[in-house]
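Report on one structure; see the data block that follows.
The values are calculated or read from the model by the stated rules, or taken from the named source; none is laboratory data. From a predicted model like this one, the values you see are computed outputs, not experimental measurements. Neighbour counts run over all protein chains shown; Cβ positions are idealised from the backbone, glycine included. Note: accessible area is taken over every heavy atom of the protein model, side chains too, but ligands, DNA and RNA are not part of it. Shrake-Rupley method; radii C 1.70, N 1.55, O 1.52, S 1.80 Å.
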Amino acid sequence: MQFLTTTLEGPRVIVPEPIPDERGFFARSYCELEFAAAGLPVRYPQHSVSYNRRRGTVRGMHYQLPPHAEAKVVRCLAGAILDVLVDVRLGSPTFGMWERFKLTSENRHQLFIPEGFAHGFQTLADDSEVGYMISAFHTPDAARGFRYDDPRVGIRWALPV
(Lines give C-alpha, C1' and ligand atoms only; values in the text may rest on other atoms or scores of the structure.)
Protein backbone atom coordinates (compact mmCIF):
# COMPACT_ATOMS: atom_id res chain seq x y z
CA MET A 1 0.00 0.00 0.00
CA GLN A 2 1.04 3.54 -0.66
CA PHE A 3 0.14 6.24 1.90
CA LEU A 4 -0.01 9.56 0.03
CA THR A 5 -0.07 12.91 1.82
CA THR A 6 -2.68 15.58 1.06
CA THR A 7 -2.74 19.37 1.25
CA LEU A 8 -4.29 19.05 4.72
CA GLU A 9 -2.10 18.06 7.63
CA GLY A 10 -2.85 14.45 8.66
CA PRO A 11 -5.16 12.79 6.12
CA ARG A 12 -3.73 10.21 3.74
CA VAL A 13 -4.91 8.62 0.52
CA ILE A 14 -4.25 4.90 0.71
CA VAL A 15 -3.57 3.35 -2.68
CA PRO A 16 -3.60 -0.44 -3.00
CA GLU A 17 -0.83 -2.25 -4.82
CA PRO A 18 -2.57 -5.06 -6.71
CA ILE A 19 -0.77 -8.26 -7.57
CA PRO A 20 -2.37 -9.31 -10.87
CA ASP A 21 -2.71 -12.73 -12.44
CA GLU A 22 -4.96 -14.30 -15.08
CA ARG A 23 -7.87 -14.47 -12.59
CA GLY A 24 -7.74 -10.78 -11.64
CA PHE A 25 -5.67 -9.46 -8.74
CA PHE A 26 -5.08 -9.60 -5.00
CA ALA A 27 -4.37 -6.51 -2.88
CA ARG A 28 -4.32 -5.64 0.79
CA SER A 29 -6.83 -3.07 2.01
CA TYR A 30 -5.50 -3.14 5.57
CA CYS A 31 -2.29 -4.35 7.21
CA GLU A 32 -1.58 -3.52 10.83
CA LEU A 33 2.18 -3.44 10.22
CA GLU A 34 1.92 -1.11 7.20
CA PHE A 35 -0.55 1.22 8.92
CA ALA A 36 1.70 1.41 12.00
CA ALA A 37 4.78 2.08 9.83
CA ALA A 38 2.85 4.95 8.19
CA GLY A 39 2.01 6.37 11.64
CA LEU A 40 -1.70 5.60 11.40
CA PRO A 41 -3.91 4.06 14.08
CA VAL A 42 -4.20 0.28 13.89
CA ARG A 43 -7.26 -0.36 16.08
CA TYR A 44 -10.66 -0.02 14.40
CA PRO A 45 -13.28 -1.59 16.68
CA GLN A 46 -16.27 -0.41 14.65
CA HIS A 47 -16.89 -1.08 10.95
CA SER A 48 -19.90 0.49 9.24
CA VAL A 49 -21.45 0.75 5.79
CA SER A 50 -23.54 3.43 4.08
CA TYR A 51 -25.73 2.58 1.09
CA ASN A 52 -26.99 5.46 -1.05
CA ARG A 53 -29.66 4.99 -3.71
CA ARG A 54 -29.34 8.19 -5.70
CA ARG A 55 -26.53 10.07 -7.40
CA GLY A 56 -26.03 13.51 -5.81
CA THR A 57 -26.85 12.36 -2.26
CA VAL A 58 -24.81 14.16 0.40
CA ARG A 59 -23.99 12.77 3.84
CA GLY A 60 -22.11 14.88 6.36
CA MET A 61 -20.42 16.96 7.66
CA HIS A 62 -19.87 14.91 10.85
CA TYR A 63 -17.25 14.49 13.58
CA GLN A 64 -17.03 13.59 17.28
CA LEU A 65 -15.55 15.66 20.08
CA PRO A 66 -12.71 14.41 22.30
CA PRO A 67 -12.37 12.19 24.22
CA HIS A 68 -14.61 10.30 21.77
CA ALA A 69 -13.00 11.64 18.59
CA GLU A 70 -12.81 9.16 15.72
CA ALA A 71 -10.22 8.41 13.09
CA LYS A 72 -11.69 6.67 10.05
CA VAL A 73 -10.62 4.77 6.98
CA VAL A 74 -13.23 5.23 4.24
CA ARG A 75 -13.55 3.23 1.05
CA CYS A 76 -16.09 3.22 -1.79
CA LEU A 77 -17.26 -0.38 -2.19
CA ALA A 78 -19.71 0.23 -5.07
CA GLY A 79 -20.21 3.21 -7.34
CA ALA A 80 -18.32 6.46 -6.76
CA ILE A 81 -18.19 9.28 -4.22
CA LEU A 82 -16.63 12.67 -3.76
CA ASP A 83 -15.31 12.52 -0.20
CA VAL A 84 -14.76 15.84 1.59
CA LEU A 85 -12.72 16.57 4.73
CA VAL A 86 -12.69 19.79 6.75
CA ASP A 87 -10.04 20.43 9.40
CA VAL A 88 -11.92 21.40 12.60
CA ARG A 89 -8.86 21.28 14.90
CA LEU A 90 -8.51 24.64 16.64
CA GLY A 91 -4.94 25.87 16.31
CA SER A 92 -4.17 23.65 13.31
CA PRO A 93 -2.31 25.38 10.45
CA THR A 94 -5.02 24.05 8.11
CA PHE A 95 -8.00 24.85 10.41
CA GLY A 96 -11.15 25.53 8.39
CA MET A 97 -9.62 24.30 5.14
CA TRP A 98 -11.20 21.51 3.15
CA GLU A 99 -10.12 19.05 0.49
CA ARG A 100 -12.05 16.59 -1.65
CA PHE A 101 -11.14 13.17 -2.98
CA LYS A 102 -12.72 10.92 -5.60
CA LEU A 103 -13.11 7.39 -4.25
CA THR A 104 -14.53 4.75 -6.55
CA SER A 105 -15.02 1.02 -6.63
CA GLU A 106 -12.69 1.04 -9.64
CA ASN A 107 -9.74 3.04 -8.24
CA ARG A 108 -10.11 1.26 -4.83
CA HIS A 109 -8.45 4.18 -3.05
CA GLN A 110 -9.11 4.59 0.65
CA LEU A 111 -9.00 7.75 2.70
CA PHE A 112 -7.53 7.92 6.18
CA ILE A 113 -9.31 10.66 8.16
CA PRO A 114 -7.59 11.63 11.43
CA GLU A 115 -9.37 12.74 14.58
CA GLY A 116 -10.39 16.38 14.35
CA PHE A 117 -11.72 16.33 10.80
CA ALA A 118 -15.32 16.70 9.73
CA HIS A 119 -16.22 14.18 7.06
CA GLY A 120 -18.91 13.94 4.42
CA PHE A 121 -19.40 12.76 0.88
CA GLN A 122 -21.54 13.12 -2.21
CA THR A 123 -22.47 10.14 -4.35
CA LEU A 124 -21.39 10.42 -7.98
CA ALA A 125 -23.33 7.32 -9.07
CA ASP A 126 -26.59 5.62 -8.15
CA ASP A 127 -26.35 2.68 -5.74
CA SER A 128 -23.09 3.78 -4.14
CA GLU A 129 -21.90 1.99 -1.02
CA VAL A 130 -19.25 3.25 1.41
CA GLY A 131 -17.38 1.21 4.01
CA TYR A 132 -15.88 2.70 7.17
CA MET A 133 -13.33 1.43 9.67
CA ILE A 134 -13.69 3.60 12.78
CA SER A 135 -11.20 3.92 15.64
CA ALA A 136 -13.77 4.65 18.39
CA PHE A 137 -17.30 3.67 19.22
CA HIS A 138 -20.01 6.14 18.24
CA THR A 139 -21.00 8.34 21.18
CA PRO A 140 -24.16 10.32 20.33
CA ASP A 141 -23.49 13.02 22.98
CA ALA A 142 -20.09 13.75 21.37
CA ALA A 143 -21.45 13.92 17.81
CA ARG A 144 -21.21 17.27 16.05
CA GLY A 145 -21.62 18.52 12.54
CA PHE A 146 -22.49 21.38 10.24
CA ARG A 147 -24.46 21.81 7.05
CA TYR A 148 -22.97 20.64 3.77
CA ASP A 149 -23.61 24.12 2.35
CA ASP A 150 -22.27 26.21 5.25
CA PRO A 151 -21.10 29.44 3.57
CA ARG A 152 -18.23 29.85 6.07
CA VAL A 153 -16.68 26.63 4.74
CA GLY A 154 -17.65 26.96 1.06
CA ILE A 155 -17.43 23.33 -0.04
CA ARG A 156 -17.80 22.93 -3.80
CA TRP A 157 -19.77 19.76 -4.50
CA ALA A 158 -19.54 18.06 -7.88
CA LEU A 159 -23.29 17.73 -8.50
CA PRO A 160 -26.49 19.48 -7.47
CA VAL A 161 -27.47 18.16 -4.04
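Figure legend. Inter-residue proximity from the range 50-62: first residues more than 20 Å from I113 (Cα to Cα) and among the charged types (D, E, K, R), second residues at pLDDT 95 or above and open to solvent by 20 Å² or more (accessible area, probe 1.4 Å), beta-carbon distance below 8 Å, spacing 6+ or different chains. Indicated pairs: R53/D126; R53/D127; R54/D126; R55/L124; R55/A125; R55/D126; R55/L159.
Please verify whether V84 is at pLDDT below 95, out of contact with any Asp or Glu (no Cβ under 7 Å at 6 or more places or on another chain) and among the aliphatic types (A, V, I, L, M), treating the condition exactly as stated.
No; evaluated as a whole, the condition is false for this residue.
F25: open to solvent by 10 Å² or more (accessible area, probe 1.4 Å), assigned to a strand (DSSP E or B) and without any contact (Cβ under 8 Å) to a residue 24 or more places away in the chain, yes or no? Spelling it out, F25 is indeed open to solvent by 10 Å² or more (accessible area, probe 1.4 Å), assigned to a strand (DSSP E or B) and without any contact (Cβ under 8 Å) to a residue 24 or more places away in the chain. The set of residues from the range 73-97 being over 13 Å from E129 (Cβ atoms) and either free of Cβ contacts under 8 Å to residues at least 60 places away in the same chain or out of contact with any strand residue (DSSP E or B) (no Cβ under 8 Å at 6 or more places or on another chain) (or both) comprises D83, V88, R89, L90, G91, S92, P93, F95, G96. Residue count for the range 110-144 under the criterion of being open to solvent by 50 Å² or more (accessible area, probe 1.4 Å) and within 20 Å of N52 (Cβ to Cβ): the result is 4.
In the set (1) closer than 23 Å to S128 by Cβ; (2) buried (at least 20 other Cβ atoms within 10 Å of the Cβ); (3) of a type in the set (A, V, I, L, M, F, W, C), the condition left unmet by F35 is number (1). Note on the range 145-161: residues that are among the aromatic types (F, W, Y) and either touching a Leu at 6+ places or on another chain (Cβ under 7 Å) or within 17 Å of R55 (Cβ to Cβ) (or both) amount to 2.
Entry remark, the range 68-91: residues being within 22 Å of F35 (Cβ to Cβ) and not in a strand (DSSP E or B) number 5 in total.
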